[in-house]
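Here is the structure we will look at, set down as structure tokens.
The values are calculated or read from the model by the stated rules, or taken from the named source; none is laboratory data. Keep in mind that what you see is a predicted model, and the values were worked out from it rather than measured. Every residue, glycine among them, receives a Cβ derived from its backbone with ideal geometry; neighbour counts consider all protein chains shown. Ligands, DNA and RNA are excluded from the accessible area calculation, which covers all protein heavy atoms including side chains. Shrake-Rupley method; radii C 1.70, N 1.55, O 1.52, S 1.80 Å.
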Amino acid sequence: GKNETRRLGKRKVVKTSKTKSGKGTNDDIVRLKGCRNFRQRVVFSVLSARVLRIDNIRDSDENPGIRDYEANFLRLVDKMTNGTSIGINDTGTKLGIVPGIIKGGEVVHDCRVSRPIGYCIEGILPLLPFAKEPFSMTFSGITNDRNDIGVDAIRLMTLRVLKPFGLE
């Protein structure tokens, strides 16, 4: 069959053609542009098991490409999954993700100092209930800043809401 493209708002979904066996070559590839909602895009790609391609990441910026905290978040998602493939071009303006399985287990991650630990924790919370095994996670880095939720706020508010779903 032919490749089929349809637009959903600003999102473009590309359905690949069928192979001789009748199966799709990559199911759906979600193609997006820009850096907006970066963490959510990555997490939804993993949850939906759909290949994600993001182009034009700050391509007209003075400092183009993904930022160090976004690359750090990708490393964390890679640690949490098995079989995830992440590709970034030389300039950092194009990102491709083939998601893997959320595995669980022990994860130790350094969040660095460009964004606080809450940036990473808030981003990965939607992945936790879908892991094959429970996670035991240890984070290091700064605990709060003016832009992101602090770890104490996550512990006191967010985790209380998620406790009935097995997150503590």
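Accessible area of the range 62-127 with a 1.4 Å probe: how many percent of it is carbon plus sulfur?
Carbon with sulfur: 48 percent of the solvent-accessible area.
Quick query: amide H of Met137 versus all other amide H atoms, modeled in the peptide plane; which residues come in under 5 Å with a sequence gap of 5 or more or a different chain?
Sorted by chain and number, the residues that satisfy this are Val107.
Within 15 Å, Cβ to Cβ, of Ile149, how many net charges do the neighbouring residues add up to if Lys/Arg are +1 and Asp/Glu are -1?
+1
Counting other Cβ atoms within 10 Å, keep those with at most 10, restrict to DSSP loop, and tell me which trypsin sites (Lys or Arg not before Pro) in the range 61-168 are left.
Those satisfying the criteria are Lys132, Arg146.
Per residue, how much accessible surface does the range 68-168 expose to a 1.4 Å probe? Answer in Å², no decimals.
57
So what is the diffusion coefficient of the range 91-144 in µm² per second by Stokes-Einstein at 10 °C and 1.306 mPa s, using a Kirkwood Rh over Cα pairs?
Estimated diffusion coefficient is 124 µm²/s.
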